[in-house]
Amino acid sequence: MKSNDEKVAIVGVGHSKFGKRLDVSINELGWEAIKPALQDAGVTQKDVDFYSLGNFGYWSEEILPAVTIGEYAGLSCGSLKTEAACASGSASLKIAVDSILSGNSEIAIAMGIEKMYNSPNGTIIELIGRAGNYFWEFENFGMTFPGYYALYATKYLDAYHSREEDLCEAAVKAHHYGSLNPYAQFQKETSVEECMKSKYVSRPLKLMDSSPITDGAAAVVLARGDVAKKLSDTPVFVEAQGYASGTAYMGRRDDYTGLEASRRAAEAAYRKAGLDGAANNFDIFEVHDCFTIAEVMAYEDLGLVKKGEGIQLLREHQTYRDGKYPANLDGGLKSKGHPIGATGISQAVEITKQLRGEAEKGRQADIRKGRGLQHNVGGTGHYAYVTIYSRGD
């Protein structure tokens with residue numbers, strides 16, 4: 001096992017307000033996250049050796065955002081844009097971590113950004129359908145992004161004798177914690193009844209089961225362990241990252257109640273970290289809840305509970321702050337928002353704040369084990385990244 005001096009740690013975090021951000025350009029939005037991250041780390045642009053940016057970007061005003069944002073932010077180091085659909089932020093984190101582990105950098109920035117409202121809603125939805133899923137299935141059968149997750153929801157609810165109201169419990173939890181998060185897109189609580197009354201997007205998934213279109217940015221400053229200890233009293237180490245890809249052809253999938261890529265990514269992360277699984281090793285979880293069914297499947301794919309028992313965690317409120325497995329205490333993708341390229345880094349920011357004990361009132365988990373787990377999916381299981389973090393102590 002590596003010593004902490006040889007590992008990579010997060011020493012600074014920054015986060016923009018999520019939502020409809022027509023008040024800023026993509027470069028200004030990026031700086032909204034980079035500036036506080038640099039200040040938090042106590043470093044300047046000249047100290048940064050490498051910079052990676054997660055961005056999906058089909059709908060944006062800028063096709064080379066790593067270059068333009070880096071220039072606007074005063075970063076003169078080398079940069080790279082990463083793309084792994086909704087997991088682009090986690091891919092950006094991997095690239096920045098690897099640049100330090102390889103010895104090419106001492107300090108790096110990983111960020112993610114998306115300006116989805118640059119295009120009309122219909123265009124955005126079509127582009128997600130085309131690029132987030134499969135050209136031929138979209139073109140020939142009209143499948144949409146919600147449509148794919150609706151297949152999973154239909155199968156899951158039938159297989160495990162669950163109800164749409166159970167899925168709505170995930171939305172209620174998300175909006176509760178989103179109401180406490182000043183960076184969240186939606187800061188209003190909801191109820192199961194209100195969720196059930198929302199219109200169907202793709203049955204059985206309703207509008208309130210779905211994450212929104214979002215603009216936003218997030219950034220983390222990373223440093224080699226020995227450097228991190230000089231910069232921060234509370235470095236948060238990236239202990240391990242597991243990643244996997246799933247088939248791009250839905251007909252080849254033999255399980256519609258979970259995502260194989262998530263399971264394989266989780267197994268790889270646990271193995272690299274020397275842990276026996278998720279159930280008793282973590283204080284805080286960030287899971288990919290682009291739709292409420294995705295959150296339920298994540299609980300099971302990560303091994304928190306057995307197949308078919310994820311819905312019970314929602315019914316019993318076991319993923320609330322005072323529950324057994326606190327998850328998405330920032331509001332998740334559902335309430336905080338889902339700016340596709342920024343989501344993975346936003347999750348990293350949240351876990352860092354939680355492990356430091358810096359989350360806002362009403363959102364802070366009880367940190368005893370000193371570890372957090374992040375789960376980030378691209379597409380409908382095309383990509384999956386599972387990242388394990390630990391406090392410096």
Sorted largest first, the C-alpha extents of region 2-92 along its principal axes in whole angstrom are 43, 26, 24
By the mean-Cβ-within-10 Å protection proxy, highest first, 292-300, 230-238 rank as 292-300, 230-238
Expressed in angstrom and rounded, the centroid-to-centroid distance over alpha carbons for region 1-76 and region 261-306 is 27 Å
Sorted on mean Cβ neighbours within 10 Å (highest first), peptides 281-289, 181-189 come out as 281-289, 181-189
Fewest-first ordering of His375, His15 by Cβ atoms within 10 Å yields His15, His375
When Leu22, Leu180 are ranked with the fewest other C-beta atoms within 10 Å first, the list becomes Leu22, Leu180
Using alpha carbon positions and the Kirkwood radius, the Rg to Rh ratio of region 206-245 is 1.20
Listed by chain and number, the lysines with an alpha carbon less than 30 angstrom from that of Lys230, same-chain partners under 8 positions apart left out, are Lys2, Lys7, Lys17, Lys35, Lys46, Lys81, Lys94, Lys272, Lys353, Lys361, Lys369
In nm², the average projected area of the convex hull spanned by the Cα atoms of region 1-55 is 5.4 nm²
Going from the fewest other Cβ atoms within 10 Å to the most, one would list Arg253, Arg368, Arg321 as Arg368, Arg253, Arg321
The cysteines in the chain that find no other cysteine Cβ closer than 4.7 Å to their own Cβ are Cys77, Cys86, Cys290
Applying the gyration tensor rule to the Cα atoms of region 151-280 (axes a ≥ b ≥ c; rounded if a/c under 1.5, else prolate if a/b exceeds b/c, else oblate), the class is oblate
Averaging 1/r across every pair of distinct alpha carbons in region 138-217 and inverting yields a Kirkwood hydrodynamic radius, in angstrom, of 13.7 Å
Beyond 14 Å, the calculated P(r) of region 248-319 holds a percent of Cα-Cα pairs equal to 62 percent
Rounded to the nearest 500, the 222 nm mean residue ellipticity computed for the chain from DSSP H runs (n ≥ 4, each -39500 (n - 2.57)) alone is -11000 deg cm²/dmol
Bounding extents of the chain in its principal axis frame from Cα atoms, largest first in Å, are 54, 44, 40
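Only the coordinates and a few stated rules stand behind these numbers; no lab work does. The structure displayed is predicted, hence computed values, not measured ones. All Cβ positions, even for glycine, are placed from backbone atoms using ideal geometry, and neighbour counts span all protein chains on display.
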